Amino acid sequence: MFLSVFEMFKVGIGPSSSHTMGPMVAAARFLDRLRASPFTAAGLRASLHGSLAFTGVGHATDRAVILGLAGFRPEDYDVDKAEAALRRIRETKTVAPEGLGPFAFDPEADLVFDYGPPLPGHANGLVLMALDAQGDVIGQETYYSVGGGFVLTASELAAGKATDDGPAVPHPFKSAAEMLEMCAATGKPIAALKRENELTRMTAQDLDRGLARIWDVMSDCIERGLTTPGTLPGGLNVRRRAKGIHDTLQAERGMNLTAPHTINDWIGTYAMAVNEENAAGGQVVTAPTNGAAGVIPATIRYWLDHVPGASRAGVGDFLLTAAAIGGLIKFNASISGAECGCQAEVGSAAAMAAAGLCAVMGGTPAQVENAAEIALEHHLGMTCDPVKGLVQVPCIERNGLGAIKAVSAASLSLRGDGTHFVPLDSAIETMRQTGEDMSHKYKETALGGLAVNVPNC
């Protein structure tokens, strides 16, 4: 199993990696299929299923599909160009991606929200269709957005397609137990194993440059969130709080009023800043998802700004360690809220963050694995119940608490020698089983929990 650090950490747009980025990626793949097709299409149609239908509007899935069919991609998304394109598409009822089209596409008629049973492969399913001049389907493909911006066709999912089919890597671990055995055999930390695996795909310069960019985007997102006031879009009228809290914390520090527990407020505010940006549709990094995008950046920012001896030079090792843990969770369970609830999103992010922090603070591989296990274990059973289908309540605060748990988990593990009762592999398997048993009402459908017990507008 190999999953690149740049697959776990992808630059994209809010508010959801599975509901916004994934559908946009699927649309781009469908356009590529049309470019290679011998048939000439006259129109396009899309249908959303399962969680993509139930919470699609709140997660901007409709916008993502429309813009994706118009040729937009998450990695180079330009908000001003996107808004202009949406206005043009609604006026002309056509999309004109580069090198194709124009295609007839009426967002009101050709984008269907199917609230029936989900498609068989995954809770996040969509079907994209190409039409002839008479409106008959001449080609179609089913896609599944499986979390974190990852997209598979129905045939890829059925075949159990691996996420990577490149050359063999020197350290092919599929479990935490195997990872620890390789660390013991080589005498190398987890980040070093992950780095050597990555170098089978890219140069050291490209790896380091890419890791630096990931942190730059994360850091910029924190700064935007800490300096932007106002109210979030979507109808809940949720007020941005990160700026106000941060301003108060800075003032208190200058007045020497800070209590020891106030560090939790700093950590939480860094995370909330990111997720307020995500909720506003800003640029974020999947870590491993958009809904959990604040946990890892907040933990890194805490380390850099509040831990003596921290240095940006260690951020790469933090991200590599976190990606190794995230890869294990994705491979053996899920990072999708629609599949396993929020334990798979914020829980996975907290495990990744705890592992990364423990590593850069000098933890052994056994302590790093212990940190990840502590963080994941204490998110088991967490539901995904977004109010009005928006990635706002409880998601924004939940990232803050996830980051605090990550720091606490790393600290606890560093107080021991890495020996502990529950292996990380067992926690991951428990999360998978819990997700299977969890009612669909609590898996990103907004049909249960807080989503039905608080006012939606």
Checklist entry - With each label point set 7 Å from Cα along the Cα-Cβ vector, what nm distance links residue 422 and residue 307? => result 2.3 nm
Item to check | 3J(HN,Hα) from dihedral phi, the stretch 200-205, Karplus parametrisation 6.51/-1.76/1.60, rounded to Hz, x for glycine, proline | outcome: 7, 10, 7, 7, 4, 5
Checklist entry - Can you give the net charge of the other residues whose Cβ lies under 15 Å from the Cβ of residue 136, counting K and R as +1 and D and E as -1? => result -1
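For each of 207, 380, count neighbouring Cβ atoms within 10 Å of the residue's Cβ, then give the residues from fewest to most.
Working: 207 19, 380 15.
Taking fewest neighbouring Cβ atoms as first place, the list is 380, 207.
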Checklist outcome for this item: Kirkwood Rh over alpha-carbon pairs of the stretch 102-253 plugged into Stokes-Einstein at 25 °C, 0.890 mPa s gives a D in µm²/s of 115 µm²/s
Checklist entry - Counting other C-beta atoms within 10 Å, which of 441, 194 has the fewest, and how do the rest follow? => result 441, 194
Checklist outcome for this item: Interchain or sequence-distant (5+) residues whose placed amide H lies within less than 5 Å of the amide H of residue 113 are 48
Checklist outcome for this item: Rounded to the nearest 10 degrees, the helix 365-377 long axis (Cα) sits at an angle to the longest Cα principal axis of the chain of 60 degrees
Checklist entry - For the chain, which span is the longest to avoid every loop-located (per DSSP) member of chymotrypsin sites (Phe, Trp or Tyr not before Pro) having at most 16 other Cβ atoms inside 10 Å? => result 116-420
Next on the checklist: How far apart, in nanometres, would the label points at residue 397 and residue 83 be if each is projected 7 angstrom from Cα along the Cα-to-Cβ direction?
Outcome noted: 3.1 nm
Next on the checklist: Sort 307, 65 by Cβ crowding within 10 Å, fewest neighbours at the top.
Outcome noted: 307, 65
Next on the checklist: What distance in nm separates the two pseudo spin-label positions at residue 168 and residue 450, each 7 Å out from Cα along the beta-carbon direction?
Outcome noted: 4.8 nm
Checklist entry - Under a point-charge model restricted to the Cβ atoms of Lys and Arg (+1) and Asp and Glu (-1), what is the dipole moment magnitude of the chain relative to its Cα centre, in debye to the nearest 20? => result 600 debye
Checklist entry - Tell me, what is the percent relative contact order of the chain, built from C-alpha pairs under 8 Å that lie six or more residues apart? => result 19 percent
Checklist outcome for this item: Given backbone amide H placed at 1.01 Å from N, residues whose amide H is under 5 Å from that of residue 119, ignoring those fewer than 5 places away on the same chain, are 50, 125
Checklist entry - Hey, with R₀ at 35 Å, roughly what FRET efficiency would residue 436 and residue 206 work out to, going by the Cβ-Cβ distance, to 0.05? => result 0.35
Next on the checklist: Quick check on the chain: of the DSSP beta bridges with both residues there, what percent are antiparallel, nearest 5%?
Outcome noted: 80 percent
Item to check | Cα-centred dipole magnitude for the stretch 257-390, charges only on beta-carbon of K, R (+1) and D, E (-1), debye, nearest 20 | outcome: 180 debye
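Taking 0.36 nm per intervening residue step and subtracting the Cα-Cα distance, what contour gain separates residue 109 from residue 223 on full extension?
Details: separation 114, 0.36 × 114 = 41.04 nm, distance 4.01 nm.
Once the chain is fully extended between residue 109 and residue 223, it gains 37.0 nm.
Full extension from residue 256 to residue 177: what is 0.36 nm times the residue separation minus their Cα-Cα distance, to one decimal in nm?
23.8 nm
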Checklist entry - If the cut-off is a Cα-Cα distance under 17 Å, which aspartates and glutamates reach residue 194, setting aside same-chain residues fewer than 8 apart in sequence? => result 7, 164, 165, 178, 181, 206, 208, 317, 369
Item to check | Farthest toward positive dipole pole in the stretch 178-312 [+1 Lys/Arg, -1 Asp/Glu at C-beta], among 193, 295, 258 | outcome: 258
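Does the stretch 16-158 come out rounded, prolate or oblate by the C-alpha gyration tensor, with a ≥ b ≥ c the root eigenvalues, rounded set by a/c under 1.5 and, if not, prolate when a/b is larger than b/c and oblate if not?
Values: a/c = 1.43, a/b = 1.17, b/c = 1.23.
Rounded, since a/c falls under 1.5.
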Next on the checklist: Could you compute the net charge surrounding residue 74? Neighbours are other residues with a C-beta less than 14 Å from the C-beta of residue 74; K and R count +1, D and E count -1.
Outcome noted: +1
Item to check | Theoretical gain in end-to-end length, residue 158 to residue 132 [0.36 nm per residue, Cα-Cα removed] | outcome: 6.5 nm
Next on the checklist: Across the chain, what fraction of all alpha-carbon pairs, as a whole percent, falls in each successive 20 Å bin from zero upward?
Outcome noted: 26, 57, 16, 1
Next on the checklist: Classify the stretch 388-428 from the C-alpha gyration tensor, please: rounded if a/c falls under 1.5, else prolate or oblate depending on whether a/b exceeds b/c.
Outcome noted: oblate
Checklist entry - With charges only on Cβ, +1 for K and R and -1 for D and E, what is the dipole size of the stretch 16-158 about its Cα centre, in debye, rounded to 20? => result 20 debye
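Only the coordinates and a few stated rules stand behind these numbers; no lab work does. Only a predicted model underlies this, so the values are computations on that prediction, with no experimental measurement involved. Because the Cβ atoms are built from the backbone with ideal geometry, glycine has one as well, and the counts that use them run over all protein chains shown.
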